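> There's a structure below that I have some questions on.
The values are calculated or read from the model by the stated rules, or taken from the named source; none is laboratory data. All values reported here derive from a predicted model rather than from experimental measurement. Reconstructed Cβ throughout: ideal geometry from the backbone, glycine too, with neighbour counts over all protein chains shown.
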Amino acid sequence: MNHSSSSNITCNFLTLASDSKKRTMLKNLNLPLISGSVTVRRHEFCIAFGQFKSNLHNAFCILRVFMQRCLVEGRQQNTMEHLVEIDNLTFSRGDRVIYDGITLNVPKGKITAVMGPSGIGKTTLLRLIGGQLIPDEGDILFDKESIVSMSRKALYKARRKMSMLFQSGALFTDMTVFDNVAFPLKEHTNLADDVIATIVALKLQAVGLRGAADLMPSELSGGMARRAALARAIALDPDLIMYDEPFAGQDPISMGVLVKLIRELNDALNLTSIVVTHDVKEVLTIADYIYILADKRVIGEGTAQQIRDSDSELVQQFLNGKADGPVPFHYPAPELEKSFLGERK
Amino acid sequence: MRFLQSLGASTISKLTAIGRATLMLFGALVAVPRVKNIPLVIQQLYVVGVQSLLIIMVSGLFIGMVMALQGYTILVDYGAEGSLGPMVALSLLRELGPVVTALLFAGRAGSALTAEIGLMKATEQLSSLEMMAVDPLRRIVAPRFWAGMLAMPMLAVIFSAIGILGGHLVGVDWLGVDSGSYWSIMQSTVDWNQDVINGVIKSVVFALVVTWIAIFKGYDSIPTSEGISKATTETVVYSSLAVLGLDFVLTALMFGIE
Amino acid sequence: MNKYKTEVMVGFFVALTISALLLLALKVAEQSVATEGDSYTLYAKFDNIGGLKARSAVKVGGVTVGRVSSITLDKDDFTPIVELSILKQYNGFPETSSVSILTSGLLGEQYVGFQPGFSFDGVADLQDGDYLQDTKSALVLEDLIGQFLFNRGSDE
């Protein structure tokens, strides 16, 4: 009874898999770095296939994830949708206004970059999308649902579909790299330990750290820590992944690796990515759409080419890194002569 | 005028801090404990309990020994050295056990809890938990709270027992008080409910206060190195003061009114 | 491995706590554990209770049979009433029994000495809630000295 029904399921599963999966696989075959994450799926149903005995439940889980993925893919081919829509958002911290009525859309399946000078509150934007902060005005829609007015329970459910790569990596320092990546899987799924071990190994393979699984985070270099955190961020196959300054403080090699990973993960796993950064050069090479924030609002948007061609003085200052311009070199202060000569007695 | 303003401002900020602390505790405890989380509590019991065991046992031994030594020199003048047993036992069970354990616990485990949670906040681990749809209050705060609540009364009982043995060591084996009278007069004086259970109740209250302060200070700390060092200091200072103040209140309630 | 070690150490911690509790229960507070049994209540009126306190022992020939559970003042005649809680296993004391407040040793604490009376026919046993009629108050040092001086005075 148990045997026959479980083999039935796996058969269905295989036929479902074959059509749309082949396409993705073929598409990804020329991307050697990412081959690990392609095998994620192949391996997932290998496991389902192999464990007739007791893994009926696991097969269901994988089937469900897979069918969701198919639905997402199907929907996406029809129209160009926005996964995140920010509408007229105003946010202030204390007396300091950080955003004053910004509107911003993140198209599904694309890499959207948000750039701007330091201290503009770019990280704040990601926290707002993640529902960790509540805006003063305006709305944030994630997958057509308002993050702002969500109940706590719904918010936690929505967060399972997004993940965030923090600037510091934010790996749990008391666990090995393996346990870090396994953490979201253990928290949110009931998969058996050996299945989790397989998935973790494949995610780590995708970021090139399978050999470092047993290291503690303190033993990793900065670039490796960020890659390990990336493996953790994709562990649950999220829809949206947010990168907070992924290139900050990286040497050219790890920067190159990260740029490549962000692009390839986005395409291979059908993710939607938001990259918050001030590294102009790297972002222009990978981003599909770019927003530039400054002075509490959006000062420029468009594809990489449109941004380069922009005639806004502010945008050009930012792109070319000029010291002085619309964004002043000096922090607001009274004139130098006055403060030396005037106020003194 | 300025004095009034600063007084008002500090009162308001203290009150909001108490409010935030209550909300945090409530948020951590409102969750039904899941079977999945029991290993987390055990892990934390190891960190706050087992790792404090050595300092607690050594302090208990020495405090018991010193009390026997001091008590003997006074009691022997009145020929009442037989009362050494109850003197050591009662002061340990009623006061020193719970209080000294709480003070040592605040210094040893409380400061570590604050620093750990503060650093988790500073390195964005708490945020990243939240973004992974895992509530840090339940995953990080609650197990540490329960471990503290369990560990401290356990440590206090061990402290008192070892102290009484230390008193025996000095009083009986060294100074020559009769072993039989050490135990028998102690037995006739010490009451299970009145002394032992009340002592345990005291240390449960202290556990609540110390663990709560430690966790809240870490959770509420400013995530910079300066902020965390300040939070750690405040944990030790505030919880020590709270323990000593509460001890007076509890003693008055339990033993004061005949 | 690491997890195994943690669990062993926590187990050790718990075992240590239990043994400490056992030490406290059996060796330190043994007597009072034994007195946790059922008891019945007797009352006695004294003129003066001296330094008697709640939880002082009640002894028959040196054997503790109960404790003073509370001390109150009678509102009508302003004499102290001592409530004695006696263990159930020591029952059947005759009504003619007497109680007195004694001191153990020169500086020791005070306790209630209980002298069982003779039982004749027609003398009932003490029941729960009964008053003991025959009581001797505590000796107060100042009274003793006063008495001594008075006696010396009358001798001469």
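> Which residue, of C:S19, C:S98, C:S70, is surrounded by fewer than 17 Cβ atoms within 10 Å (Cβ to Cβ), small (G, A, S) and more than 13 Å from chain B (Cβ to nearest Cβ)? Spell out the reasoning first.
Working: C:S19 fails: more than 13 Å from chain B (Cβ to nearest Cβ); C:S70 fails: more than 13 Å from chain B (Cβ to nearest Cβ).
Only one candidate qualifies: C:S98.
> Before we move on, is B:L253 without any contact (Cβ under 8 Å) to a residue 24 or more places away in the chain and either assigned to a helix (DSSP H, G or I) or within 30 Å of C:Q110 (Cβ to Cβ) (or both)? Step through it out loud before you land on a result.
Numbers: without any contact (Cβ under 8 Å) to a residue 24 or more places away in the chain: yes; either assigned to a helix (DSSP H, G or I) or within 30 Å of C:Q110 (Cβ to Cβ) (or both): yes.
The answer is yes for B:L253.
> Go through the residues of the range B:213-226 one by one and say whether even a single one is within 14 Å of chain C (Cβ to nearest Cβ) and over 18 Å from the mean Cα position of the chain (by Cα).
Looking through the range B:213-226, none of the residues is within 14 Å of chain C (Cβ to nearest Cβ) and over 18 Å from the mean Cα position of the chain (by Cα).
Condition check ((1) at pLDDT 85 or above; (2) over 13 Å from the mean Cα position of the chain (by Cα)) across all residues:
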| site | (1), (2) |
| --- | --- |
| A:V106 | yes, no |
| A:A113 | yes, no |
| A:G116 | no, yes |
| A:G119 | no, yes |
| A:T123 | no, no |
| A:L128 | yes, yes |
| A:R152 | no, yes |
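> Being surrounded by fewer than 17 Cβ atoms within 10 Å (Cβ to Cβ), charged (D, E, K, R) and more than 10 Å from chain B (Cβ to nearest Cβ) is the filter; apply it to the range A:180-215 and report the residue that is farthest from C:N2 (Cα to Cα).
A:D194
> Right, next: Which of the residues that make up the range A:229-261 are in a helix (DSSP H, G or I) and farther than 11 Å from A:V207 by Cβ?
Start the filter on the range A:229-261 by keeping residues that are in a helix (DSSP H, G or I), which leaves A:229-233, A:252-261.
Within the range A:229-261, A:P252, A:I253, A:S254, A:M255, A:G256, A:V259 meet the criteria.
> Follow-up. Would you point out the residue of the range B:69-103, among those that are under 24 Å from the mean Cα position of the chain (by Cα) and of a type in the set (G, A, S), that is farthest from the other protein chains (Cβ to nearest Cβ)?
Residues of the range B:69-103 that are under 24 Å from the mean Cα position of the chain (by Cα), as a first pass: B:86-103.
Filter once more, so that each one left must be of a type in the set (G, A, S): B:89, B:91, B:97, B:102.
On the way: B:A89: 5, B:S91: 13, B:G97: 10, B:A102: 16 Å.
Result: B:A102.
> Of everything in the range C:50-67, what is in a loop (DSSP other than H, G, I, E, B) and within 13 Å of chain B (Cβ to nearest Cβ)? Give them in sequence order.
Correct list: C:G51, C:L52, C:K53, C:A54, C:R55, C:S56, C:G62.
> Okay, moving on. Consider B:S203 against the criteria (1) under 30 Å from B:T16 (Cβ atoms); (2) more than 13 Å from every other protein chain (Cβ to nearest Cβ); (3) buried (at least 22 other Cβ atoms within 10 Å of the Cβ): it satisfies all of them except one. Which criterion is unmet?
All conditions are met except number (2).
> Right, something else. Would you confirm, using the coordinates I've provided, whether B:V88 is among the β-branched types (V, I, T), on the phi < 0 side of the Ramachandran plot, modelled with pLDDT of 90 or more and surrounded by fewer than 22 Cβ atoms within 10 Å (Cβ to Cβ)?
No: the conditions fail for B:V88.
> From the list B:P98, B:P39, exactly one residue is in contact (Cβ under 8 Å) with a residue 60 or more places away in the chain and part of a helix (DSSP H, G or I). Which is it?
Unique residue meeting the criteria: B:P98.
> I would also like to ask the following. Only one residue in C:I145, C:I81, C:I101, C:I86 is part of a strand (DSSP E or B), farther than 26 Å from B:P86 by Cβ and not aromatic (F, W, Y). Which one?
Answer to the selection: C:I81.
> OK, next. Exactly one of (1) part of a loop (DSSP other than H, G, I, E, B); (2) surrounded by fewer than 19 Cβ atoms within 10 Å (Cβ to Cβ) is unmet by A:D139. Its number?
(1)
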